[in-house]
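Chemist: Can you read through this structure? Questions will come right after.
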Amino acid sequence: MEAIMTAATINTTSQNKFEKLKAEKDGLSVKAELEKFATLGWEAMDETDRDHRLKWLGVFFRPVTPGKFMMRLRLPNGILNSSQMRVLAEVVQRYGDDGCADITTRQNFQLRGIRIEDLPEIFNRFREVELTSVQSGMDNVRNITGDPIAGLDASELYDTRELVEQIQAMITNNGVGNAEFSNLPRKFNIAITGGRDNSVHAEINDLAFVPAFTDGNFGFNILVGGFFSAKRCDAAIPLNAWVPPQDVVAVCRAILEVYRDNGLRANRQKSRLMWLIDEWGLERFREEVELRLGKSLLPGAAHDEIDWEKRDHIGIHKQKQSDLYYAGLQIPVGRLYAEDMFEIARLAEVYGTSEIRLTVEQNIVIPNISDVRLASFFTESLLGKFKINPEPLTRALVSCTGAQFCNFALIETKNRALAMIKALESELEMTQPVRIHWTGCPNSCGQPQVADIGLMGTKARKNGKPVEGVDIYMGGKVGKDAHLGTCVTKGVPCDDLQPVLQELLVTHFGAKPKVLVNT
Ligand code: SRM
Ligand code: SF4
């Protein structure tokens, strides 16, 4: 049997800054030093621990707001309960105006305003309600996404919730931290869906499992190598492998081991899984995975079962359980404050079964509302803020963090996105939702390549002066036959964007200018 390679044994001959810092000390080891950091304070502690290694615990130093950290959770399949939501709300509440939470494009929560001196207590609170933020940043596997209506959807082929839990448990050692997978060459994204509409954007993950039948047996076709980076974006490609559900966790482990031990580490721009597949070829990659797995992979099924257009889950929908409904609430750009979170927790308890789910569109789903409680649910004032029937453009709006908190950002995104949508909706009559995604820089966290209209922050020029601008992407197709959009226009100054978007919406998406009546 091959020896397991860990941080200490990986060959680090050609080391960039990040490989060096990982070789010096594994990121997870800062877990034992939290009390010390809390006493020292953020200004006195070791900078490498503060700016980098704390990310292994999901704690991100924010150069834009020094001393106020961000915490990124792990919520497998985007599922949490009302007690967990209350703990998250209490954490951000203590930071007053600095505290808020964002639903992320990986069905996850990030908390804002966190002080280093509070970390020991925050982690204690997390443990009490079984929340973890471990290994959610840097060279680790990110939150594992799944269908937000898994187990509720009459049309789904397989309820993947348990599989997602098992994968997370394997990778993180049940949320405690796992040194086996704490030194990957780079970040790694995993998604798994048993539904028909590709609710997870399988094609943009390093590893994705999509439903497929072989000889009448249910399982998953495997896709590998999807990723976005500033230099290169690629959709995942079929590995030509099919696995039954019971082999999914072992296949994840085998692929992660192959990537961990062979992924390219010299140049971080070329470290994502697709670069290794390029270097080896798909056949060799598949063989290496089989070697780790200890058995052959079956060939991929001829076609997968992704045959629906993607749903956004907003509104009230019947579940497969008789007399039960789920409610999808639109959360503008995913931003929540403590009072919103307490209210969502309350609604989930009063009307549902205390469960709350997040979507990759940065919205929430409250499942298991009985039909007899719906009329009363509709009277809740929170539905005025987080609508179940929002305007078509608001409905499909997604935005990354942007300049308010992210030092990579070339533009401010969330607030600008909200103001722009409001302005466009006041001018246009829309007949359909149009998925507009904002992302503050070429890292593409806001996934502009999957959008109908994607807006990527860039530096533009206006009247000879540098100004905030966007590159415009179009043609992203999600759900069935998903494919990535491409850049159609470069460097539009943000101040000039509104008429440009108006024109695109009229020409390509059936929008009609509103007839304004003077009263
Ligand atoms: Fe991202 C780095 C935010 C999803 C590609 N991303 C960052 C950092 C950590 C940079 C930083 O330290 O400031 C951002 C934190 C800003 C902040 O304060 O919030 C950040 N990424 C986000 C989130 C919060 C965007 C959002 O508003 O929803 C998403 C968190 C997901 C999560 O819960 O884990 C987020 N990031 C993504 C996605 C979308 C996805 O996974 O579907 C991508 C593109 C897909 C991919 O990775 O292949 C993405 N983020 C990146 C990259 C480019 C990776 C690369 O290979 O080059 C970076 C930069 C890096 O890693 O060096 C990055
Ligand atoms: Fe920050 Fe750029 Fe990611 Fe937006 S796309 S969160 S600006 S790194």
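Rule-based calculations on the coordinates, nothing more; no lab input. As the structure is a computational prediction, the values presented were derived from the model and not from experiment. So basically every Cβ, Gly included, is an ideal-geometry build from the backbone, and we count neighbours across all protein chains shown.
Chemist: Measuring from label point to label point, each 7 Å out along Cα→Cβ, what is the Asn124 to Ala375 span in nm?
Modeler: Rounded to a tenth, the inter-label distance reads 4.8 nm.
Chemist: Moving to a separate point now. Would you kindly state how much longer the chain becomes between Ser83 and Lys459 on full extension, computed as 0.36 nm times their sequence separation minus their alpha carbon distance, in nm to one decimal?
Modeler: Working: separation 376, 0.36 × 376 = 135.36 nm, distance 4.33 nm.
In short, 131.0 nm is gained.
Chemist: How much length is gained if the chain between Glu503 and Glu287 is pulled fully straight, taking 0.36 nm per residue apart and subtracting their Cα-Cα distance, in nm to one decimal?
Modeler: Answer, rounded to one decimal: 72.7 nm.
Chemist: When only C-alpha pairs under 8 Å and at least 6 residues apart count, what is the relative contact order of segment 17-293, in percent?
Modeler: 14
Chemist: So what is the relative contact order for the chain, in percent, with contacts set as C-alpha pairs under 8 Å and at least six apart?
Modeler: Relative contact order of the chain: 13 percent.
Chemist: Only Lys, Arg, Asp and Glu count, each charged at its Cβ (+1, +1, -1, -1), so figure out the dipole size of segment 82-132 about its Cα centre, rounded to 20 debye.
Modeler: 160
Chemist: Shifting gears a bit: Once the Cα atoms of segment 119-194 are picked out, what are the Rg and Dmax in Å?
Modeler: Reported Rg and Dmax, both Å: 14.1, 44.
Chemist: Could you work out the pair-distance distribution P(r) of segment 17-293 from its alpha-carbon pairs, with 5 angstrom bin width and percents rounded to whole numbers?
Modeler: Calculated over all Cα pairs of segment 17-293, the distribution is 1, 6, 12, 17, 18, 16, 13, 9, 5, 2, 1, 0, 0 percent.
Chemist: For the peptides 218-224, 15-21, what is the packing order when you average, over each peptide's residues, the other Cβ atoms within 10 Å and list the highest mean first?
Modeler: My ranking of the peptides, most packed first, is 218-224, 15-21.
Chemist: In whole angstrom, note down how far apart the Cα centers of segment 319-350 and segment 457-500 are.
Modeler: 32
Chemist: For segment 461-519, which trypsin sites (Lys or Arg not before Pro) pass both filters: DSSP loop (anything but H, G, I, E, B) and at most 15 other C-beta atoms within 10 Å? Write out the running numbers ahead of the final one.
Modeler: Working: sites: Arg461, Lys462, Lys477, Lys480, Lys490, Lys514; in loops: Lys480, Lys514.
Those that pass, being in a loop and sparsely packed, are Lys480, Lys514.
Chemist: Oh, and also: Any chance you could check the Cα centroid distance between segment 40-109 and segment 210-263 for me, in angstrom?
Modeler: After rounding, the separation between the Cα centres reads 30 Å.
Chemist: Which of the residue pairs Lys31/Lys187; Lys55/Lys270; Lys310/Lys514; Lys20/Lys414; Lys462/Lys512 have a Cα-Cα distance greater than 24 Å in the structure shown?
Modeler: Pairs exceeding the cut-off: Lys310/Lys514; Lys20/Lys414; Lys462/Lys512.
Chemist: Under Stokes-Einstein, with the Kirkwood radius over Cα pairs standing in for Rh, what whole-number D in µm²/s applies to the chain at 4 °C and 1.567 mPa s? Mind dumping the intermediate values first?
Modeler: Numbers: Rh = 23.7 Å.
D, rounded to a whole number, is 55 µm²/s.
Chemist: Viscosity 0.890 mPa s, temperature 25 °C: Stokes-Einstein D of segment 411-482 from its Kirkwood Cα radius, in µm² per second?
Modeler: Working: Rh = 13.2 Å.
Answer from the Stokes-Einstein relation: 186 µm²/s.
Chemist: A further question on this structure: Calculate the length of the line joining the C-alpha centroid of segment 399-449 to that of segment 279-296, in whole Å.
Modeler: That distance is 40 Å.
Chemist: What order, most packed first, do the peptides 444-454, 228-238 have when packing is the mean number of other Cβ atoms within 10 Å of each residue?
Modeler: The most tightly packed comes first, giving 444-454, 228-238.
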